[in-house]
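Contents: one structure, followed by commentary.
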Amino acid sequence: MSDIMYQDLWRTYFPAFIENKDNGITSLMQSSNLVMVAANQQLFYPGSQCQNYLLVLTGTVKVQLLSDKGREVLLYHVGSGDSCVLTTSCLLSGDSYPAEGITETQVMAFAIPAHVFNRSVAESSFFREFVFKNFAMRLSKMICRMESVTLNTIDQRISHALLASRNDTLVKTHQELAYELGTAREVISRHLKTLESDGVISLKRGVIEIMNRHALKKISDSR
C-alpha cells in the first residue's frame, strides 16, 4: 500500500491523528501496521498477553466472557473508529486478557505495537488524552451494560433491546437475542411468548415483529 493510501485511511477514520502536529504522533502512525482479519477469528483469549493496540477502521469485534458451562456473555462490541477497553487496560497494567475477542465480520485495523503504544502514552499529550478519553467512554458503556444485566428485569431488557430498532420487523433469532442480553435462549423464548400472547409482538421463525411499541416502552420504563 502506498504512503498516500495509508495517509488517506488515517484521514478517513482517525482524522485527529493527521491534523495533529506532534512529532510523536507521526512516529506512531509510521510504526503502525495495517492488518486484515477474516470473520470469526479469535483476536485474543483469557490469559493471553496483549501485543498491539488496535484502532478499528472497518468491521466489528465482539468481546465476551465464557462461563464454566460454556455459555457466552457479550460484554461489548468494537466497531469502526473504536478501540478496545480491555486491550487498553491490559497494555496499561501489563495484565493478561480476562475475556476473548472474536471478529464478527472481516476487520481492518491499525495495529500499534505495545512498545510504541507505551512510548506514545508517555511522550504525547495528544495520544494520552485520546487513549484515556476512549478508555473512559468505553468503560462507562460497559458498566451501563453490566448494570442493565444485573439490575433490570429480563422483560425490561428484552423490551429495551426490541425498541432499539427503528424497524418494527427484527430479523433476529431467540439465540441471538439471548446472547446480546447475556441470558439463556430458553429464558428469552419464554418471555417472548408471553409478550406475543399479550399482543405486544408477533413471532415467526427468525423474526420478531413489534405490534405495540407503546406497551414495550411501558415495560422498558417500569421500575
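Descriptive notes on the structure:
- Top-ranked residue of the range 51-70 - restricted to ones that are of a type in the set (Ser, Thr, Tyr) and in a loop (DSSP other than H, G, I, E, B), ranked as modelled with the highest pLDDT: THR60
- Candidates in the range 69-105 are the residues that are small (Gly, Ala, Ser) and without any contact (Cβ under 8 Å) to a residue 24 or more places away in the chain; of these, the one that is least open to solvent (accessible area, probe 1.4 Å) is GLY79.
- Residues in the range 13-40 that are exposed (fewer than 13 other Cβ atoms within 10 Å of the Cβ) and either part of a strand (DSSP E or B) or not hydrophobic (A, V, I, L, M, F, W, C) (or both): PRO15, GLU19, LYS21, ASN23, GLN30, ASN33, MET36, ASN40.
- A Cβ distance below 6 Å, combined with a sequence gap of six or more or placement on separate chains, defines the contacts here; from the range 29-45, residues that are within 23 Å of LEU9 (Cα to Cα) reach residues that are outside any helix (DSSP H, G or I) and open to solvent by 80 Å² or more (accessible area, probe 1.4 Å) in the pairs ALA38/GLN106; ALA39/GLN106.
- Residues satisfying the stated conditions in the range 41-50, i.e. in a loop (DSSP other than H, G, I, E, B) and either aromatic (Phe, Trp, Tyr) or out of contact with any Ser or Thr (no Cβ under 8 Å at 6 or more places or on another chain) (or both): TYR45
- Considering residues of the range 203-218 that are open to solvent by less than 30 Å² (accessible area, probe 1.4 Å) and free of Cβ contacts under 8 Å to residues at least 40 places away in the same chain only, the residue nearest to the chain's Cα centre (by Cα): GLY206
- The range 119-156, residues that are modelled with pLDDT of 90 or more and loosely packed, with under 15 Cβ neighbours inside 10 Å: ALA122, SER125, ARG128, GLU129, PHE132, LYS133, ALA136
- Leading residue by the ranking (surrounded by the most Cβ atoms within 10 Å (Cβ to Cβ)) among those in the range 174-202 that are at pLDDT 90 or above and in contact with a Ser or Thr (Cβ under 9 Å, 6 or more places away or on another chain): LEU195
- Of all residues in the range 117-129, those satisfying the criterion of being within 14 Å of THR87 (Cβ to Cβ) and either aromatic (Phe, Trp, Tyr) or touching a helix residue (DSSP H, G or I) at 6+ places or on another chain (Cβ under 6 Å) (or both) are PHE117, VAL121.
- Summed over the range 41-68, the residues that are under 17 Å from PRO113 (Cβ atoms) and buried (at least 19 other Cβ atoms within 10 Å of the Cβ) give a count of 8.
- Among the conditions (1) of a type in the set (Gly, Ala, Ser); (2) without any contact (Cβ under 8 Å) to a residue 24 or more places away in the chain; (3) open to solvent by less than 30 Å² (accessible area, probe 1.4 Å), the only one that SER159 does not satisfy is (2).
The values are calculated or read from the model by the stated rules, or taken from the named source; none is laboratory data. These numbers were taken from a predicted model, which means no experiment stands behind them. Reconstructed Cβ throughout: ideal geometry from the backbone, glycine too, with neighbour counts over all protein chains shown. Only protein heavy atoms, including side chains, enter the accessible area calculation; ligands, DNA and RNA are left aside. Shrake-Rupley method; radii C 1.70, N 1.55, O 1.52, S 1.80 Å.
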